[in-house]
Amino acid sequence: MRLSVKETITPRKLIAGYEALCKKYLPIDSNDVWRFSRQILAAEPDQGWKIHISATIHTAGKVLEKVAPVLKKQNVFFKAPRSLTELGKINSGMFYGYGQIGKFITVYPQNEEEFVRLAETLHQSTRGLAAPVIPFDLRYEESSNVYYRYGAFTNLDIKEADGTLTPAIFDPNGTLVPDVRNNEKGKPEWISNPLSFKMTTDESDTKSPLKTTYKIFKSLSQRGKGGVYMALDFSSRQPRLCVIKEGCRNGELNWLGRDGYDYVKREAEVSEQLSSARLGLPEKYETFESDSNLYLVTEYIEGKNLQEFLAERKRRLSLKKVLEYSYKLASLIEKIHAAEWVWHDCKPANIIVTKNGNLRLLDFEGAYRKNETSHIVWGTDDFLPSEWKPDSQKKNPASFDLFALGAVIYYLYCGRFYTNNDFSPFYKMRRRSISPVLEKIVVALLEKNPEKRPSAKTAARLLRKELELRG
């Protein structure tokens with residue numbers, strides 16, 4: 001499923017400015033992700049130290065304007081994304097890989113001497129501009145937007161036994177070996193770092209709870225806005241499992257100026273305000289800052305999300321179980337709406353099935369009050385209605401959750417995702433164990449006209465009645 005983030009603000013001036021800079025300084029368009037400063041020369045090295053300069057979609061134009069004239073004057077080969085949209089995808093970590101986050105401009109120095117000189121020049125040119133941290137690369141110095149690593153300049157590959165190609169570099173013997181791009185040392189063992197004199201011992205906050213109270217042992221997800229981790233909490237006499245959600249400063253900064261830090265802050269606030277509504281949200285333990293990022297620590301809920309739960313099954317759920325889970329989910333969404341909130345991210349991956357069969361809900365960073373207007377739609381395509389526009393939320397703020405509820409029940413019943421292109425969801429839902437009532441509820445929730453969708457309260461009442469009739 002592809003992540004969707006639909007935004008109401010279009011920064012035409014920034015986009016137009018960036019496009020003009022690309023035409024001026026990056027005339028070679030690959031018709032792919034990248035634009036290049038010039039054609040590659042035959043004398044270009046195959047590998048070496050490359051420089052990455054980080055930027056957000058807001059600061060990309062400023063960074064390119066400062067850096068490009070310096071590189072052009074010295075005829076240094078460099079590349080950058082062909083659009084701010086592509087940079088947004090890079091910085092999300094969802095489209096081109098987690099290790100690509102922040103890699104806005106890539107510079108290919110001809111030799112080590114040029115690399116050292118350019119690193120300092122580019123560092124000075126881009127100081128103070130907002131940018132995400134680049135994973136795995138070495139950082140020129142603390143708070144710098146300049147990062148670097150040793151690797152291939154051209155497409156060197158090793159063909160594996162199964163036919164796949166692995167990026168490669170030459171070792172000192174001239175043998176191709178894997179170019180390990182998630183190596184936090186930033187270089188192979190046989191290469192010396194010419195900027196080692198700039199590196200300092202990590203003296204980041206030694207009093208951070210990440211170093212004193214919590215021991216992270218597993219990554220659940222990692223992307224531009226931050227990671228989600230399992231950890232041990234040693235703050236009480238008996239250590240307990242917990243989940244730590246990271247909000248990165250400048251991580252996935254959007255056109256509204258919101259980043260990972262803001263999203264985690266928002267989720268912590270929503271969690272507090274909904275704590276009395278008995279919604280099954282994870283209990284909030286604490287929030288804290290470390291290295292400019294914000295961390296939310298919550299209860300660990302043992303179980304599997306609905307998507308994992310169904311994927312591991314060899315058979316579809318029984319009709320009784322479908323009705324049971326559908327009723328429980330509708331009841332929880334009814335409580336959210338009764339508390340005057342909209343969840344905004346209802347999908348199987350955010351619904352935990354506990355060992356005793358209860359449902360617990362996750363991810364409320366996109367939640368908003370019914371009297372608010374959210375300019376960003378969180379979610380995945382299969383659980384988003386097609387009618388979204390800014391004013392639609394004012395007319396029927398709960399309509400997104402109702403459509404998503406229908407799509408989740410469809411998924412539980414059919415074992416596949418609903419798409420807005422389905423002409424008749426009723427026809428698609430046919431199976432041996434039939435519940436006409438359930439089918440009618442789902443069709444109504446997936447209604448194209450949001451005004452015709454039944455409330456979560458109505459859906460819960462009908463589902464409970466059907467469940468009771470079927471014993």
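With respect to THR166, is the statement that it is over 28 Å from ALA60 (Cα atoms), under 26 Å from the mean Cα position of the chain (by Cα) and assigned by TED's automatic domain parsing to the domain that holds LEU84 true? Steps first, please.
Numbers: over 28 Å from ALA60 (Cα atoms): yes; under 26 Å from the mean Cα position of the chain (by Cα): yes; assigned by TED's automatic domain parsing to the domain that holds LEU84: yes.
Against the criterion (over 28 Å from ALA60 (Cα atoms), under 26 Å from the mean Cα position of the chain (by Cα) and assigned by TED's automatic domain parsing to the domain that holds LEU84), THR166 qualifies.
Quickly run through segment 210-230 and pick out the residues that are among the aliphatic types (A, V, I, L, M) and touching a residue at least 24 places away in the same chain (Cβ under 8 Å).
Residues of segment 210-230 among the aliphatic types (A, V, I, L, M): 210, 216, 220, 228, 230.
Passing the criteria: LEU210, ILE216, MET230.
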Fill in: Matching residues in segment 87-109 - criterion: being more than 21 Å from ASN182 (Cβ to Cβ) and surrounded by fewer than 18 Cβ atoms within 10 Å (Cβ to Cβ)
none
Discussion item. Looking at GLU308, GLU272, can you tell me which residue is more than 22 Å from TRP341 (Cα to Cα), modelled with pLDDT under 95 and surrounded by fewer than 19 Cβ atoms within 10 Å (Cβ to Cβ)?
Written reply: GLU308
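Quick one: how many residues across segment 12-33 are buried (at least 16 other Cβ atoms within 10 Å of the Cβ) and outside any loop (DSSP other than H, G, I, E, B)? Please lay out each step first, then the result.
We begin by selecting, within segment 12-33, every residue buried (at least 16 other Cβ atoms within 10 Å of the Cβ); these are 14-15, 17-18, 21-22, 25-26, 33.
Checking the rest, the ones that are also outside any loop (DSSP other than H, G, I, E, B) come to 14-15, 17-18, 21-22, 25.
Qualifying residue count for the region: 7.
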Worksheet item: If we only count strands (runs of 3 or more DSSP E) wholly inside segment 235-326, which ones have 1 or more residues that are among the aromatic types (Phe, Trp, Tyr) and closer than 26 Å to LYS89 by Cβ?
Response: 293-299
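For residues that are part of a loop (DSSP other than H, G, I, E, B) and either closer than 24 Å to ARG258 by Cα or not β-branched (Val, Ile, Thr) (or both), tally how many sit in segment 153-178. Outline the logic, then answer.
Narrowing segment 153-178 to residues part of a loop (DSSP other than H, G, I, E, B): 153-156, 160-164, 171-175.
Next, only the ones that are either closer than 24 Å to ARG258 by Cα or not β-branched (Val, Ile, Thr) (or both) stay: 153, 155-156, 160-163, 171-174.
The qualifying residues number 11.
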Discussion item. List pairs: first residue in segment 120-146 and farther than 11 Å from ILE51 by Cβ and in contact (Cβ under 8 Å) with a residue 24 or more places away in the chain, second residue small (Gly, Ala, Ser) and surrounded by fewer than 23 Cβ atoms within 10 Å (Cβ to Cβ) anywhere in the structure, Cβ distance under 6 angstrom, at least six positions apart or on different chains.
Written reply: PRO135/GLY99; PHE136/GLY99
Discussion item. Only one of TYR261, TYR300 is among the hydroxyl-bearing types (Ser, Thr, Tyr) and surrounded by 21 or more Cβ atoms within 10 Å (Cβ to Cβ). Can you tell me which?
Written reply: TYR261
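Restricting to segment 322-370, name every residue that is of a type in the set (Gly, Ala, Ser) and touching a Phe, Trp or Tyr at 6+ places or on another chain (Cβ under 7 Å). I'd like the intermediate steps shown before the answer.
First pass over segment 322-370, keeping only residues of a type in the set (Gly, Ala, Ser): 326, 330-331, 338-339, 349, 357, 366-367.
Scanning segment 322-370 gives GLY366, ALA367.
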Discussion item. Between a residue in segment 264-282 that is assigned by TED's automatic domain parsing to the domain that holds ASN250 and any residue that is part of a helix (DSSP H, G or I) and buried (at least 20 other Cβ atoms within 10 Å of the Cβ), which pairs come within a Cβ distance under 7 Å, given they are 6 or more apart or on different chains?
Written reply: LEU279/LEU332; LEU279/ILE336; GLY280/LEU332; LEU281/SER271
Discussion item. As an exercise: evaluate ARG313 against (1) in contact with a Cys (Cβ under 8 Å, 6 or more places away or on another chain); (2) free of Cβ contacts under 8 Å to residues at least 24 places away in the same chain and give the number of the one condition it does not meet.
Written reply: (1)
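The values are calculated or read from the model by the stated rules, or taken from the named source; none is laboratory data. These numbers were taken from a predicted model, which means no experiment stands behind them. For neighbour counting, all protein chains shown are included, and Cβ atoms are generated from backbone atoms with ideal geometry for every residue, glycine included.
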